[in-house]
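The values are calculated or read from the model by the stated rules, or taken from the named source; none is laboratory data. Keep in mind that this is a model prediction, so the values were computed, not measured. Virtual Cβ from ideal backbone geometry, glycine too; neighbours counted across all protein chains shown.
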């Protein structure tokens, strides 16, 4: 399934699931959409949340904030580079060690930087594939687990052309294509893992602010406003 949402509606969609007692692993969870999702998931009654993020300072701050709000035994932070197979696996292993199960994986880690397109592809595509394969490996019924949910965070620019940052847009088109392919009944019947894509519109996050200031200096003010508003033209997907 593919869902087009603004930020708050995206959070609402996550909390539509019965999260009571669930264990959730969020990549890129130390700030922005990932951190907001962690808060709402814990507020909805999740047993525990693992925040996997490469930014150690933000991660420790997020862990402290969430522990203060929801209790110290309901959140852990792991400094993880999801572009590295062994580190990504470590996030799953340590989550299982802490809570004995994983119910939901949110593949949220991403970057917007067409100037460094190779590292962008490594994170937005290669790590996305890795996350889905690991999610199926650790949660799949065919692997002795109980099934679960994988939510892949794409972008509104996975549903339309992103001429201001075409390579980023292409990586998000890939995320949607991967989800639609892995989310078919053929795979679900075997694994018991439901896979969906969320396509947020413009969201005020540290990453978006960074892009506005440094990654796309060629964007005029008018063009940036067009980018911010353009998601209104994309219908919600079934």
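For residue 19, the requirement of being under 16 Å from the mean Cα position of the chain (by Cα) and either under 23 Å from residue 148 (Cβ atoms) or at pLDDT below 95 (or both) is not met. Note on the stretch 168-182: residues that are crowded, with 19+ Cβ neighbours inside 10 Å and touching a residue at least 24 places away in the same chain (Cβ under 8 Å) total 7.
The residues of the stretch 66-99 that are more than 20 Å from the chain's Cα centre (by Cα) and over 24 Å from residue 145 (Cα atoms), listed by number, are 67, 68, 69, 70, 71, 72. Flag set for residue 110, criterion: within 17 Å of the chain's Cα centre (by Cα) and under 13 Å from residue 29 (Cβ atoms).
Screening the stretch 70-90 for residues that are touching a strand residue (DSSP E or B) at 6+ places or on another chain (Cβ under 8 Å) and not in a helix (DSSP H, G or I) and picking the one that is surrounded by the fewest Cβ atoms within 10 Å (Cβ to Cβ) gives 79. If only residues of the stretch 22-53 that are surrounded by fewer than 22 Cβ atoms within 10 Å (Cβ to Cβ), free of Cβ contacts under 8 Å to residues at least 40 places away in the same chain and not in a helix (DSSP H, G or I) are counted, the one that is nearest to the chain's Cα centre (by Cα) is 44. Out of 200, 185, one residue alone is surrounded by fewer than 17 Cβ atoms within 10 Å (Cβ to Cβ) and farther than 20 Å from residue 96 by Cβ. It is 185.
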